[in-house]
Each structure stands twice: as structure tokens, then as C-alpha cells.
Amino acid sequence: MSGTAGQVIRCKAAVAWEAGKPLVIEEVEVAPPQKNEVRLKILFTSLCHTDVYFWEAKGQTPLFPRIFGHEAGGIVESVGEGVTDLQPGDHVLPVFTGECKECPHCHSEESNMFSIKGKPIYHFVGTSTFSEYTVTHVGCVAKINPAAPLDKVCVLSCGISTGFGATVNVAKPKKGQTVAIFGLGAVGLAAAEGARVSGASRIIGVDLNPSRFNEAKKFGVTEFVNPKDYDKPVQQVIAEMTNGGVDRSVECTGSVQAMISAFECVHDGWGVAVLVGVPNKDDAFKTHPMNLLNERTLKGTFFGNYKPRSDLPSVVEKYMNKEMELEKFITHAVPFSEINKAFDLMLSGESIRCIIRMDG
């Protein structure tokens, strides 16, 4: 066990005190891990759109003050009672979802593992990686190859795995088939990468931002459609481009209209549409029942159907074996002291993934 095991650790964390306001670097107290929990030293974290979404108070149950962050890589500092498959020094990726399905942090919005001068700070999706140390349930921690560079593979703990898995594990395009990707952010580009690796013959990228089109070519996208360029529904445009519809589609925007378009643009008889994006709480999906009766399939996925502890280590190995590229997703890096710059880069659309170095 480490010399700090069982003790409260005081460290730096980026605290969001108010919705939409710059994060403030504060000294926080991090409680020791309890039963079936582990405490991690975070070395690298990155900014995901979900962090921004909740920081802007667009997600359900806005809570502040809060420590965001859920895409990261680090080392186990200490373990709580009952933890047998992890030990101090292990290299790990914390994940916002676990295999145990019993993590109390998945069922509660409040936690007492962080505090400032005794006042509790809200946790975020069981991880809160915008802190030098954090505590999470053992079921939400994937032990990985210690040779894997944490400043690269940290992006696999959320968005990249979600998009890639949505294609290869759920949509499952066959070699030579056509795939439409709705949304060319990090998750959508990862979905495109999955289509490329699967051998898709055409990968159609759909996005309202034309500046993303050139970058998307690096991920296998062969054609681009901007819905704003047409006076008819984009699903109709895609159907005309592909002689009746694409074989597979993956929606990565969270827009309910994009979800409907993604479903209605797949070919009748065998087309499969996969929904990945998280919609607003009041959204409703509406389509004519005939689109289902015509044997289109609609699926949804959470974390690309990967099981964190069982599957994520093998995804890391794909990168280590050069079967998957991660460097092209990482467009920027900033020290922890400049974490707000990462928010600016994402809000301006300049970055795909910005790595935050916790030692800076």
C-alpha cells in the first residue's frame, strides 16, 4: 500500500462553481477509498463534449459546485476493502460506466469523496478526473498494459471507444457496404474510423460545419453532406446518393432530428441505424411506422457495447499493435493550469481532443 493509503489527500482540482463560468483551480480534500473503491492519481485527462454539456447546465439535474472530467488515464494510489484485482501502481483508465451495475455513484448525484474546507463538492459520473486524485468504484476501472502511453490511450475511456464500438460492435458493417456518419466530432470520427477498419466502400459524413470535412478524410470519410446545402430532408439526399439508402448509419450528435434522419436514410430490407448521441430530456423520436415495417433496424448503444474491465484492455492493445490510430484524434495539449483553454478550443470547434497534463 502507498504511504498515503487510508489518509485524506489534499491536491489540486478544477472546480466548476457556476454553470458556464471558467473553472477555478482549488485545493480539495479527497477521501480515502471505501469498500470496493479505488483512489487514482490522474496523470492525463481530456475534455469530452459531455463535460461541456453538463458544465453549460444542459444535462439533467445541473449541480454545482462540481468537479467534471471522465476521460483519463492514471495510476492506482490505494484500494479499499474488498478490492483484489487492482493494486497500487497499476495503470488504469477510469470509465463512466461499470460492469458491476451497482456503483453507488451511478445512482447518486452527490458524493462526499471531494470537499473544500469540509464542504462537499459534487462528483461527476463516478469519475471526476479534473482532479489530481479521484476515487471511483472498482467496477469502473480498467487495468491496462503499463507500456501503453497514458497521454494517448486516455481518450479511449469515453468518446473514441464509444464511436468506434458503435460501428464495429453494433452497426457491424460488412466489407464493401456503405455507411453514413451523422456528426463529425470526436465520437463521429471514431465511428468513421470503425467503418474504415471494417472495410466500408463509402463513408458519408454528415455535418453542419463544413470546416470539419477535410479533417474527416483522415478517418476514412469519402463523401460529405451538409444538410444546410439542400432544400429537402438529408435522408432523402442520402437515399438518392446511394440507390435507396445506406447499409448502416451511426448518429453521433444528440440532435433528435439527426437521429430521425439517420434511421430514415438506411435502406429498407436490411439497413441498420445506431443511435449514440444523448438527446435533450424533452426530445421525442418520431417516424412513420412503415419505416420499421419495411425492415429497417433501429439500435442504440452505450459506450459502444464495450464492457470496461473486460474489453477496454483489448482496445488498448489494438492501439499498441497499430490496428487503431489515436494520435489523429489528439489535436491539442495544455497544462492543468490552463484547463479553461481546453474548453475554449472545444467551444470554437478547433479541437477534436485536447489532452490536459495534470503535472502542469
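The values are calculated or read from the model by the stated rules, or taken from the named source; none is laboratory data. Just so you know, these numbers come straight off a predicted model, no measurement behind them. Please note: Cβ atoms are built from the backbone with ideal geometry, for glycine as well, and neighbour counts cover all protein chains shown. Accessible surface areas use protein heavy atoms only, side chains included; no ligands, DNA or RNA. Shrake-Rupley method; radii C 1.70, N 1.55, O 1.52, S 1.80 Å.
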Assuming a ≥ b ≥ c are the square roots of the Cα gyration tensor eigenvalues, decide whether the stretch 12-100 counts as rounded (a/c under 1.5), prolate (otherwise, with a/b larger than b/c) or oblate. prolate
Percent relative contact order of the stretch 211-328, based on C-alpha pairs within less than 8 angstrom and at least six residues apart? 19
Per residue, what accessible area does the stretch 1-100 have, given a 1.4 Å probe and all protein chains present, in Å²? 41
What do you get for chymotrypsin sites (Phe, Trp or Tyr not before Pro) in the stretch 150-215 restricted to DSSP loop and a cutoff of at most 12 other Cβ within 10 Å of the site's Cβ? none
Provide the three semi-axes, in whole Å and in decreasing order, of the ellipsoid equivalent to the stretch 265-360 as defined by the square roots of 5 times the Cα gyration tensor eigenvalues. 35, 21, 13
Taking Cα atoms, the helix 308-320 axis meets the longest principal axis of the chain at an angle in degrees (rounded to 10) of 70
As an exercise, identify the GluC sites (Glu not before Pro) in the stretch 1-31 lying in DSSP coil whose Cβ has no more than 15 other Cβ atoms within 10 Å. Glu18
Could you look at the stretch 1-54 and say what percent of its accessible area is carbon and sulfur, using a 1.4 Å probe and all protein chains? 52
For Tyr133, solvent-accessible area (1.4 Å; no DNA, RNA or ligand), Å²: 40
Project the alpha carbons of the chain onto their principal axes and report the range along each, largest first, in whole Å. 65, 40, 35
If you bin every alpha carbon distance in the stretch 168-218 into 5 Å steps from zero, what whole percent lands in each bin? 5, 23, 35, 22, 11, 4
Over the stretch 268-357, how many pairs of lysines fall under 19 Å by alpha carbon, counting only those 8 or more apart in sequence or from different chains? 5
Could you give the length gained on full extension between Thr61 and Glu223, defined as 0.36 nm per residue of separation minus the Cα-Cα distance, in nm? 54.4 nm
Exceeding the 23 Å Cα-Cα cut-off - candidates Lys143/Lys174; Lys41/Lys117; Lys21/Lys143: Lys143/Lys174; Lys21/Lys143
Whole-percent carbon and sulfur contribution to the accessible surface of the stretch 173-308 (1.4 Å, no ligands, DNA or RNA) stands at 51
Taking a probe of 1.4 Å and leaving out DNA, RNA and ligands, the stretch 176-327 shows per residue an accessible area in Å² of 47
Using each residue's phi in the stretch 35-40, evaluate 6.51 cos²θ - 1.76 cosθ + 1.60 at θ = phi - 60° and report the 3J(HN,Hα) Karplus result to the nearest Hz, with x for Gly and Pro. 4, 6, 10, 10, 10, 10
Plugging the Cβ-Cβ distance of Asn280 and Lys232 into 1/(1 + (r/R0)^6) at R0 = 35 Å yields, to the nearest 0.05, a FRET efficiency of 0.90
Options Gly6, Ser211, Ser131, ranked by Cα towards positive dipole end of the chain, top entry (Cβ charges): Ser211
